[in-house]
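**Q** Questions regarding the structure given below will be posed in turn.
The values are calculated or read from the model by the stated rules, or taken from the named source; none is laboratory data. Note that the structure is a prediction, hence the values are computed from the model and not measured. Counting neighbours? That spans all protein chains shown, and the Cβs are built from the backbone with ideal geometry, glycine included.
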């Protein structure tokens, strides 16, 4: 029984060659890259539960396309190693070729510029105002009126830049203002003290 268990786990089936096990993940990998690229950046951002469900279903759907009917450990290892090596090679290629990276990943989309919504980009990416406001709140903005610029990055994340300085910067500036005011008051007190001392030491005629 133990030998049969080892055979089921590690003995590759004869109906599928090792070369096919390598080619399958490569084809599925490029199909998924193109498919997600055409689907838009919001598929990467997972801005709502429906997008997350689609990604989870996709991973389960292409599983059999990658390993077929092979349930052995070696079959899964071959598929996983192929994907890891392929992804590393693609990342190295894109790292050295900026134009190719922009072609594959796409360009950032400006959603808010100078405090004004760019509805063309927002609608083209199918981002609702509720989703945009929720993303802004996650980064510490109460409303979109506080946002100076918002950019949908190629990776699907939305970065926000506020109109006002950050909280730490405001507190730092407040401390500097108070320190300046305190220094002014100290200087005024010293001047009054000096005037009072002169008045007291001045000889009377």
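**Q** Could you pull out the residue among 91, 60, 64, 69 that is part of a loop (DSSP other than H, G, I, E, B) and at pLDDT below 90?
**A** Answer to the selection: 69.
Each row is one residue, and each column tells you yes or no for (1) more than 30 Å from residue 36 (Cα to Cα); (2) surrounded by 10 or more Cβ atoms within 10 Å (Cβ to Cβ); (3) not assigned by TED's automatic domain parsing to the domain that holds residue 26.
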| residue | (1), (2), (3) |
| --- | --- |
| 96 | no, no, no |
| 129 | no, yes, yes |
| 139 | no, yes, yes |
| 178 | yes, yes, yes |
| 184 | yes, yes, yes |
| 188 | yes, yes, yes |
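**Q** Something else about it: May I ask you to list the residues in the stretch 113-122 that are touching a strand residue (DSSP E or B) at 6+ places or on another chain (Cβ under 8 Å) and either in the same structural domain as residue 39 (by TED's automatic domain parsing) or assigned to a helix (DSSP H, G or I) (or both)?
**A** 121, 122
**Q** Please verify whether residue 199 is loosely packed, with under 11 Cβ neighbours inside 10 Å and either touching a residue at least 12 places away in the same chain (Cβ under 8 Å) or part of a helix (DSSP H, G or I) (or both), treating the condition exactly as stated.
**A** For residue 199, the condition - loosely packed, with under 11 Cβ neighbours inside 10 Å and either touching a residue at least 12 places away in the same chain (Cβ under 8 Å) or part of a helix (DSSP H, G or I) (or both) - is met.
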